[in-house]
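Okay, structure first, notes after.
The values are calculated or read from the model by the stated rules, or taken from the named source; none is laboratory data. The shown structure was predicted, so the numbers you read here are calculated from the model rather than taken from an experiment. No Cβ is skipped: glycine too gets one built from the backbone with ideal geometry, and neighbour counts run over all protein chains shown. We work out accessible area using only protein heavy atoms, side chains counted, and drop any ligands, DNA or RNA first. Shrake-Rupley method; radii C 1.70, N 1.55, O 1.52, S 1.80 Å.
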Amino acid sequence: MTTRPQRRSKMQQTTEPQALKPLAVHSHEGEARWWFGGLAVLKATAADTGGQLTIVEVTEPVGEAPLHIHHRDDEAFWILEGDVTFEVGDATIEAHAGDYVFAPRGIPHRYTVGEPGCRMLFILVPGGFEDVLRKTSEPARSRTLPPPSEEEPTPEAIETLKAIVKEHGYELLV
């Protein structure tokens, strides 16, 4: 009796997971972006993780993120410093340094940062959030919070922002 080698279909060949390489991003590393008055540092991207996740270290001043929905990914928050109040659907969650909060896709959420600001990780599954972050931010000139903006966004700027996030699977509810 002879055994024939098992043949793989094209589907099997293209769906096998890509071999990932170890990655280390030190505290002073990562792509730094000024993003809506905060500092966002990309720590892991879809390209780094075979599309599995994105991790962003975010430093924010006191203030509020707008109500929004993720249609393509789940979002988790790990508070490293400060206090943040989250609204996820009907739930209000007070979070402090060391706390973790999960916001599943499809559920509207926002957060409010307390005094004196916060530092937290955004963990998004699957990866790809970095695409919309790059389109809605600018390269940071330093690893600090950006200078405060003196201008309120115009209605046209808000509509442009809504269109950008929509093409990436997100929705602003402002």
So Val174, is it touching a Pro at 6+ places or on another chain (Cβ under 8 Å), modelled with pLDDT under 95 and either crowded, with 16+ Cβ neighbours inside 10 Å or not polar (S, T, N, Q) (or both): yes
Tell me which residues, restricted to segment 83-132, are part of a strand (DSSP E or B), touching a Lys or Arg at 6+ places or on another chain (Cβ under 8 Å) and within 23 Å of Val174 (Cβ to Cβ). Phe86, Glu87
Counting only residues that are open to solvent by 20 Å² or more (accessible area, probe 1.4 Å) and not in a loop (DSSP other than H, G, I, E, B), which one in segment 47-60 is nearest to Lys21 (Cα to Cα)? Ile55
Hey, can you tell me all the residues within segment 88-117 that are open to solvent by less than 50 Å² (accessible area, probe 1.4 Å), of a type in the set (A, V, I, L, M, F, W, C) and closer than 25 Å to Ser27 by Cβ? Ala95, Val101, Val113
Scan segment 64-77 for residues that are of a type outside the set (A, V, I, L, M), over 12 Å from the mean Cα position of the chain (by Cα) and surrounded by 15 or more Cβ atoms within 10 Å (Cβ to Cβ) and jot them down. His68
Which residue pairs have Cβ atoms closer than 7 Å, lie 6 or more positions apart in sequence or on different chains, and pair a first residue in segment 104-116 that is closer than 9 Å to Val88 by Cα with a second residue that is open to solvent by less than 20 Å² (accessible area, probe 1.4 Å) and outside any strand (DSSP E or B)? Arg110/Ala65; Tyr111/Ala65
Could you list, in sequence order, the residues of segment 140-164 that are touching a Ser or Thr at 6+ places or on another chain (Cβ under 7 Å) and assigned to a helix (DSSP H, G or I)? Leu161, Ile164
Single unsatisfied condition, Glu150 versus (1) touching a residue at least 40 places away in the same chain (Cβ under 8 Å); (2) out of contact with any Leu (no Cβ under 9 Å at 6 or more places or on another chain); (3) farther than 13 Å from Ala76 by Cα: (1)
Only unsatisfied item for Ile123, checking (1) over 15 Å from the mean Cα position of the chain (by Cα); (2) surrounded by 17 or more Cβ atoms within 10 Å (Cβ to Cβ), is (1)
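Every residue, every condition in (1) open to solvent by 60 Å² or more (accessible area, probe 1.4 Å); (2) charged (D, E, K, R), yes or no:
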site: Val41; (1), (2): no, no
site: Val62; (1), (2): yes, no
site: Ile79; (1), (2): no, no
site: Phe86; (1), (2): no, no
site: Arg119; (1), (2): yes, yes
site: Thr144; (1), (2): yes, no
Contacts under 9 angstrom Cβ, first residue in segment 123-134 being at positive phi, partner hydrophobic (A, V, I, L, M, F, W, C), 6 or more apart: Gly128/Ala46
